[in-house]
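Here is the structure we will look at, set down as structure tokens.
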Amino acid sequence: MSKDDIKDKVQIIDKDLDLSNAGRGVWLVKVPKYIAQKWEKAPSNMDVGKLRISKTPGQKAQVSLSLTPAVLALDPEEKIPTEHVLDVSQVTKQTLGVFSHMAPAEAAAAAAAAAAAAGGNSTENSTSASQVSAAPTDNEKLYMEGRIVQKLECRPIADTCYMKLKLESIRKASEPQRRVQPIDKIVQNYKPVKDHAHNIEYRERKKAEGKKARDDKNAVMDMLFNAFEKHQYYNIKDLVKITNQPISYLKEILKDVCDYNMKNPHKNMWELKKEYRHYKTEEKKEEDGEEHKSGSDSD
């Protein structure tokens, strides 16, 4: 499939990207899991923390984060550290950016709110809102919020609360997922057996057949010739079943009267030597076919 065919099947829509904030520097902060879970539960209008930056001349700036009591009150039973230190590192060999996406419904609502705030009579406002809501998905907005200039890793202060939190996490991780529990009913189980029925049957059949004895060579050759009258090629396993002879003794006889095929399409199969074959040639087969046709026409 060519690139043109792919372009025809996949519809590519070009959209505008708002780069008004492209020059703004932003921080990429990695926070512990317990803080992320708290922030996910918090409503959008809640203050979740306070960031403090301490600058000392000639030294690197110290950045710290304190969680607000409102966030801690979301789940009072869970005790988590409140004070954290942020390790700052510069982004030098990478170009990273932060992008935001506004869905068509959100864009339509924002446009409707802006139109309502702009003033005017109620009829005009309702008309503009309906036009915005009926607009196609082209209202989708893409923004570049800024360029990442620093990476920060939030690290809790090793106090008593943090040690208890780590101890609890280690205890939960060490708990086995499978537990022994009592049952009040019989469970269907299968006891191991010493030997299976099909194995016993196979051994009994082998014992009944007895040990394979070597028959007279001429008798074995007669059995082989009778078999090759039915089929042109045979596998050694099939010939052992037909003649009921030991495989080593049978191979000695086969080397005298048969050829072993080493190539496809009849690889690893035995065939009678040319001097023992009595197959009809293709010409005779065609003549026999024509005679059969002429006989049927005369009838």
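With the whole protein complex present, residue 99 retains an accessible surface near 130 Å², based on a 1.4 Å probe.
Within the range 140-224, the chymotrypsin sites (Phe, Trp or Tyr not before Pro) that combine a DSSP coil assignment with at most 15 other C-beta atoms in a 10 angstrom radius are 190.
The solvent-accessible area of residue 196, taken with every protein chain present and a 1.4 Å probe, is close to 100 Å².
Of the residues 175, 40, 201, ranked by 1.4 Å probe accessible area with the largest first, the sequence reads 40, 201, 175. Ordered from largest to smallest accessible area (heavy atoms of protein chains, 1.4 Å probe), the residues 50, 273, 267 come out as 50, 267, 273.
So how do 163, 46 rank on accessible area, 1.4 Å probe, biggest first, that is with the largest at the start? Intermediate results must be reported in sequence, preceding the final value.
Values: 163 110, 46 50 Å².
The most accessible residue leads, giving 163, 46.
Lysine pair count for the range 210-276 (Cα-Cα distance under 12 Å; residues 8 or more apart in sequence or on different chains): 4. Taking trypsin sites (Lys or Arg not before Pro) across the range 162-209, the ones in a DSSP loop with at most 10 further Cβ atoms lying within 10 angstrom of their Cβ are 178, 179, 185, 194.
The values are calculated or read from the model by the stated rules, or taken from the named source; none is laboratory data. Keep in mind that this is a model prediction, so the values were computed, not measured. FYI the Cβ positions are ideal-geometry reconstructions off the backbone, even for glycines, and counts take in every protein chain you see. Please note that ligands, DNA and RNA were not included when accessible areas were found on the heavy atoms of the full protein model with its side chains. Shrake-Rupley method; radii C 1.70, N 1.55, O 1.52, S 1.80 Å.
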